[in-house]
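Down below is the structure, laid out as structure tokens.
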Amino acid sequence: MNDAKAVDSATDGKTIKAAELFVRCLEAEGVEIIFGLPGEENADLMIALLDSKIRFILVRHEQAAAFMADVYGRLTGRAGVCLATLGPGATNLVTGLADANLDRSPVVAIIGQGSTRRLHKESHQNMDAIAMMRPISKWAQSIIAADSIPEILRKAFKLAEAEKPGVCVIELPEDVAKHQIVGTPMPVYRTRRPTADARAVEQAVAILANAKNPVILAGNGALRDRAAVQLSALAHKTGLPVFNTFMGKGALTRSDPHNLFTIGLQAHDYGNQAMASADAVLVIGYDLVEYSPQFWNAKRDKQIIHVDFLPAEVDQDYAVSADVVGDIAGTLAQISALLDRDYSARLPLHDIGKWQPLREQIAADHGCERNDTGFPIKPQKVLWDVREFLKADDILLSDVGAHKLWIGRYYPAETPNSVMISNGFCSMGFALPGAIGAKFAAPEKRVLAICGDAGFLMNLQDLETAVRYQLNIVVMIWVDGSYGLIEWKQQNEFGKHFPLEFSNPDFELLAQSFGCWGRTLTTTGQLPGALEEAFRQPGPALIAVPVDYRENVKLTERMGQLVAKL
């Protein structure tokens, strides 16, 4: 099988504009969609796109374009592409790009720039955008010579999509875009990741075979490129329970008896108590930014087997006993094969049955308020109804706020990448534009964004984008009139909080003003029907849900008293 894509030879031997060659290179990379907001410095590139099959999705704010590319890249595994002009256009991209980079999403960002003849001096909107982008990207490069376009684009896409995925930034100055050159795109090929070192695999297997109470912790990398399939097979072969981080949701199906759901909320939660009892942890595709090891390895008493595409990060609470580096799916297959060879008579190594009382305890907690009729609606009840409504592979995106913690704990995922949570950079304003990116990536699936009333208003403007492209995304707004997560954390630490309340618009009227359907719930029983009606709309829909955030402090108090059935 040939892994290289055929190169478009339409430009062979012909003199064309550099901007046209740039577009041909994008086409060679398989780019189908660009999310962006252009300026005059992107003019030649935009005109070149008119003759391309690449769709340009015009947005209302550059930050939203970056979030769209973030989620599009995360769902497809191919680099999402966003575009902005120079100066304020580039600075507006920064938060979305930083989010994508720390959440390990493949993204290529294209930014405009003024003429190279004025970059050495004070001039209109001139700033060193590449220097600004370097700390939040894997690679950032300005195109100074037009004939370097094929190399720079190939490198940007290769690095963005290589493990661990992240952001690459390309700057195209307006005068360079006009140059007349002869060139062709470089061939695109797939890089095969290496297998893990045999001795490291042997170390990992020996630890698992000799441990008395080992567990598995799955991070965001466990969802990529067949890894979840191999993870499930290994869990069943060893008899080990699997915990996941917020971003590792969906590594196992909800019904799998090995699935002990999510850790990451508070140190005394059920999962954390179970992790505290473990003597060895097989950690798969985990980034320390997701959930610091100080919260699950506070005593530094566990043997840690690190399985990832890259070596383990240096952290005193994450001193690994086996650093198994390679393609995750391949590595898990190697571990499985070695278990078959050396320990077949003992398989499964452990009895998953001993974990079922804890699993049942957690599952019962998920449904603890499913019959509650109180109003405003309790977070647990909202998420129960949402989980009952959405299909296994429908997509839920969580914005950042108190609702993210509730989703992390109370919303179980069925399949990989069916729950999108930003828990690396954790930027508010992620979910609405992210839902647009998700709908372009997976138009056949229902897409629900859950936002707080604060986070929703941070990228409200791109509701118009969803209306214009007639995207049936549903945005659920949890309404409490406050920065609830900050209030919750201040209350936990100090017993009081700084005033963080604000007022809100009439969300139904707001939806109407954008030309879409909207509903504000007035009773708990309206939610299932509202979801059904919202997803029947031809375009986007809003559901405003008054939420009882008195449950935040109650949850904190209750979690301090939890006793896990171990």
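Brief remarks on what is shown
- Restricting attention to segment 293-311, the residues that are in contact with a strand residue (DSSP E or B) (Cβ under 7 Å, 6 or more places away or on another chain), surrounded by 20 or more Cβ atoms within 10 Å (Cβ to Cβ) and without any contact (Cβ under 8 Å) to a residue 24 or more places away in the chain total 1.
- Some residue of segment 359-373 being assigned to a helix (DSSP H, G or I), of a type in the set (Lys, Arg) and surrounded by fewer than 19 Cβ atoms within 10 Å (Cβ to Cβ): no
- Verdict on Pro185 being in contact with a Lys or Arg (Cβ under 8 Å, 6 or more places away or on another chain) and either free of Cβ contacts under 8 Å to residues at least 12 places away in the same chain or closer than 30 Å to Ala329 by Cβ (or both): yes
- Within segment 206-220, the set of residues being under 30 Å from the mean Cα position of the chain (by Cα) and part of a loop (DSSP other than H, G, I, E, B) comprises just one member, Gly219.
- Counting only helices (runs of 4 or more DSSP H) that sit completely within segment 4-103, those holding 2 or more residues that are surrounded by fewer than 22 Cβ atoms within 10 Å (Cβ to Cβ) and more than 23 Å from the chain's Cα centre (by Cα) correspond to 18-28, 43-49.
- Test for Ile352: is it touching a residue at least 60 places away in the same chain (Cβ under 8 Å), over 30 Å from Thr524 (Cα atoms) and not aromatic (Phe, Trp, Tyr): yes
- Inter-residue pairs, beta-carbon under 6 Å, first in the same structural domain as Ala65 (by TED's automatic domain parsing) and in segment 24-38, second of a type in the set (Lys, Arg), 6+ apart: Ile33/Arg55
- Evaluation of His366 against (1) modelled with pLDDT of 95 or more; (2) within 27 Å of the chain's Cα centre (by Cα) (one fails), failing number: (1)
- Set Ala280, Ala276, Ala251, Ala228: member being under 27 Å from Ser398 (Cβ atoms), surrounded by fewer than 24 Cβ atoms within 10 Å (Cβ to Cβ) and not assigned by TED's automatic domain parsing to the domain that holds Gly408: Ala276
The values are calculated or read from the model by the stated rules, or taken from the named source; none is laboratory data. Treat the numbers as computed from the prediction; the structure is a model and nothing was measured. Cβ coordinates were reconstructed from backbone atoms using ideal geometry, including for glycine residues, and neighbour counts include every protein chain displayed.
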